[in-house]
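The values are calculated or read from the model by the stated rules, or taken from the named source; none is laboratory data. Note that this is a predicted model, so its numbers are computed, not measured. Every residue, glycine among them, receives a Cβ derived from its backbone with ideal geometry; neighbour counts consider all protein chains shown. What goes into the accessible areas is simple: the full protein's heavy atoms, side chains included, and nothing from ligands, DNA or RNA. Shrake-Rupley method; radii C 1.70, N 1.55, O 1.52, S 1.80 Å.
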Amino acid sequence: MEKLQQLYEGKAKKVFATDDPELFIVDYKDDATALDGLKKGTIMGKGVINNRVTNFLMQKLEKEGVPTHFVKELSDRETLVKKVSIVPLEVIIRNISAGSFAKRYGVEEGIVFDQPTIEFSYKNDELHDPLINTYHALALKLATKEEIETIEKYAFAVNKFLKAFMLENNIDLVDFKLEFGRLSDGTIVLADEISPDTCRFWDHTTHEKLDKDRFRRDLGNVEDAYKEILHRLMGE
Ligand code: TMP
Ligand code: ASP
């Protein structure tokens, strides 16, 4: 597999073409941003950890019946994935109040919900990823009704698996963000990443934050939190 020209550089990853038109290579960076890129920094070793953790979880999700873009881990930071066009919706599932939910509705963090919630943001940095409902998404032609139904079904399936799997490792899955893509034939698959950048993980016993909130909120020990997640999930 030959790595060809860079197609795209995002805040945390780069995407490269390959000699197969249906395959891309993603390359995970140590760069970290928050507040729509306003806050910038480096989390040493993050790219390696997010690559490994994402691939590990995506392979497990495939077995649970959630199709993903994952093809093959190529190196510490590089993964071969199926070419998708990203559906410009950030899909957020929450099990416990935190972050923008707590702020928006004026409640404390840490309220355990009876049922998970789902919400969508329009993936658009200039507009600050505004919250959007499914009617708005349809009006803006971001996805079809069928695609949104499929995305919701997969997102809840990810939550069911991931919540239970994290708890086996004494971690509460507070909330997380997913992105989906369309293959050339229109099939919806899970894309992007599932990592401490895109999930809130709290230690079940101590409630210690083991995710990017340590960077967003300047809590210190950011690298250690990422390493702890890698260690608990993969024993490394
Ligand atoms: P929020 O509480 O700030 O809306 O975040 C909800 C979840 O989404 C949290 O697990 C972090 C993740 N997230 C991203 O992956 N990317 C983002 O740009 C934002 C704002 C949140
Ligand atoms: N990655 C997002 C940004 O830089 C925000 C976040 O994860 O908090 O805007």
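Of Tyr28, Tyr122, which has the most accessible area and how do the rest follow, probe 1.4 Å?
My answer, sorted largest first, is Tyr122, Tyr28.
Any chance you could list the semi-axes, whole Å, largest first, of the equivalent ellipsoid that the Cα gyration tensor gives for region 46-139, using √(5λ)? Each step should come with its number before you reach the end.
Values: eigenvalues 160, 68, 41 Å².
Working from the Cα gyration tensor, I get semi-axes of 28, 18, 14 Å.
Calculate one ³J(HN,Hα) per residue across region 205-219 by plugging θ = phi - 60° into the Karplus curve 6.51 cos²θ - 1.76 cosθ + 1.60, and present them in order as whole Hz with x for glycine and proline.
Taking θ as phi minus 60°, the curve returns 8, 9, 6, 4, 7, 10, 7, 5, 4, 5, 7, 4, 9, 6, 8 Hz for region 205-219.
Mean Kyte-Doolittle of at least -1.0 and a Cα length of 20 Å or more along the axis: which whole DSSP H helices of the chain meet both?
Helices passing the filter in the chain: 46-63, 145-168.
Per residue, how much accessible area does the chain show when a 1.4 Å probe rolls over the protein heavy atoms, in square angstrom?
Ligands and nucleic acids excluded, the result is 49 Å² per residue.
Run a plain Debye calculation on the chain (Cα atoms as equal point scatterers, no solvent) and give log10 I(q)/I(0) at q = 0.07, 0.14 Å⁻¹, rounded to two decimals, same order as the q list.
Listed by q, the Debye log ratios stand at -0.21, -0.93.
Using a Gaussian network model of the chain whose springs link C-alpha atoms within less than 10 Å, name the residue from Lys212, Lys160, Lys177 with the highest mean-square fluctuation.
Lys160
Tell me which of Gly37, Thr150, Asn221 sits at the most positive position along the dipole axis of the chain, charges placed on C-beta atoms (Lys, Arg +1; Asp, Glu -1).
Among Gly37, Thr150, Asn221, the one farthest towards the positive end of the dipole of the chain is Gly37.
With the chain treated as a Gaussian network of Cα nodes joined by springs under 10 Å, which of Asn55, Asn133, Asn170 yields the largest mean-square fluctuation?
Of the options given, Asn133 has the highest mean-square fluctuation.
Can you pull the percent of the chain's accessible area that's carbon plus sulfur, 1.4 Å probe, other chains left in place?
52 percent
Can you pull the one-decimal nm distance between simple spin-label points at Tyr8 and Arg217, each 7 Å off the Cα toward Cβ?
It is 3.1 nm.
Over the alpha carbons of region 113-168, what is the largest minus smallest coordinate on each principal axis, giving the biggest first in Å?
Projected onto the principal axes, the Cα atoms of region 113-168 cover 40, 26, 18 Å.
Taking a 32 Å limit on the Cα-Cα distance, which of the listed pairs Lys46/Lys163; Lys60/Lys145; Lys83/Lys103; Lys3/Lys160; Lys3/Lys145; Lys40/Lys63 fall beyond it?
Working: Lys46/Lys163 22 Å; Lys60/Lys145 27 Å; Lys83/Lys103 36 Å; Lys3/Lys160 36 Å; Lys3/Lys145 36 Å; Lys40/Lys63 36 Å.
Those over the limit are Lys83/Lys103; Lys3/Lys160; Lys3/Lys145; Lys40/Lys63.
Connecting C-alpha atoms closer than 10 Å in a GNM of the chain, tell me which of Glu146, Glu90, Glu179 has the biggest fluctuation.
Glu146
Taking the Cα centre as origin and putting +1 on Lys and Arg beta-carbons and -1 on Asp and Glu beta-carbons, what dipole magnitude results for region 1-56, to the nearest 20 debye?
Its charge dipole is roughly 420 debye.
Quick one: how many Å² of Val48 are accessible to a 1.4 Å probe, rounded to 10?
40 Å²
Charges at C-beta only: +1 for Lys and Arg, -1 for Asp and Glu. How large is the resulting dipole of region 1-154 about its Cα centre, in Debye rounded to 20?
Details: 22 positive and 26 negative charges, 46 e Å.
I would put it at about 220 debye.
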